[in-house]
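The values are calculated or read from the model by the stated rules, or taken from the named source; none is laboratory data. On a predicted model such as this, the values are computed, not experimentally measured, just so you know. As a convention, Cβ positions derive from the backbone with ideal geometry for all residues, glycine included, and neighbour counts pool all protein chains shown. Accessible surface is based on the protein model in full, side chains and every heavy atom, while ligands, DNA and RNA are left aside. Shrake-Rupley method; radii C 1.70, N 1.55, O 1.52, S 1.80 Å.
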Amino acid sequence: MRRLTTLLTMALMTVLTLSFTSCTEDPYIADSLAGTWEGNMYISTNYDGYTYDASYTELYFANDPYSYSSGAGYWVDHYASGAPFSYIANHITWTVRNSVIYIHFVEDNYDIAIGDYYLDNGYFSGVIYDGSNQISFRLMHTSSPDWGSYDYGYYNGYYAKKNSNFTRGATDSTQVKAPVRIFRTR
């Protein structure tokens, strides 16, 4: 009887150990994300009836010192001279949960997930899951810029986010309509 109890205890410990393995990688993934990444995320923006393609995207991940697998940062889409804005910037909060990277765009109140990714040799590649859209990307690790250098919202020589009527997808004529980010396939 004692032998059976010992075997059952060992089996239970094995099962419990296996159930925790996915969470133990999350802090390592979060630590690997820290810093600035740049490249083409294949993003377009609809604004005022026109669609503009971003020339490149800059992502900055800062780890939260009180959490092992989350943090804050920013996401900036840069546009060529033909667009009515030079960039669109958002603060982000992010977390790694069960090896999936979840990103929340603070100003847009919008969420995406990144999965099937690879972090190695200065590159970050993976798939963005935006509803039913799945967009592949590849970014290169670069140096971290001064993170206070962007106005968050869209920029056209003025800071549009200071207007309290600035809303995503506004339909009322008294509201300023914000550009809408679109993750597109290649």
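Numbers below:
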| read-out | value |
| --- | --- |
| Some residue of region 33-51 being surrounded by 14 or more Cβ atoms within 10 Å (Cβ to Cβ) and closer than 14 Å to ARG97 by Cα | yes |
| Residue in region 36-45 that is over 11 Å from the mean Cα position of the chain (by Cα), part of a strand (DSSP E or B) and on the phi > 0 side of the Ramachandran plot present | yes |
| Tally of residues being surrounded by fewer than 18 Cβ atoms within 10 Å (Cβ to Cβ) and aromatic (Phe, Trp, Tyr) across region 118-128 | 2 |
| Residue check for PHE137: outside any strand (DSSP E or B), within 16 Å of ILE182 (Cβ to Cβ) and aromatic (Phe, Trp, Tyr) | no |
| Some residue of region 71-82 being touching a residue at least 40 places away in the same chain (Cβ under 8 Å), surrounded by fewer than 19 Cβ atoms within 10 Å (Cβ to Cβ) and not hydrophobic (A, V, I, L, M, F, W, C) | no |
| Number of the condition not met by TYR66 [criteria: (1) open to solvent by 30 Å² or more (accessible area, probe 1.4 Å); (2) in a loop (DSSP other than H, G, I, E, B); (3) touching a Phe, Trp or Tyr at 6+ places or on another chain (Cβ under 9 Å)] | (3) |
| Residue count for region 114-127, restricted to those that are assigned to a strand (DSSP E or B), out of contact with any Asp or Glu (no Cβ under 7 Å at 6 or more places or on another chain) and not hydroxyl-bearing (Ser, Thr, Tyr) | 6 |
| Test: residue in region 90-104 that is in a loop (DSSP other than H, G, I, E, B) and either at positive phi or surrounded by 15 or more Cβ atoms within 10 Å (Cβ to Cβ) (or both) | yes |
| ASP111 being on the phi > 0 side of the Ramachandran plot and either part of a strand (DSSP E or B) or at pLDDT 95 or above (or both) | no |
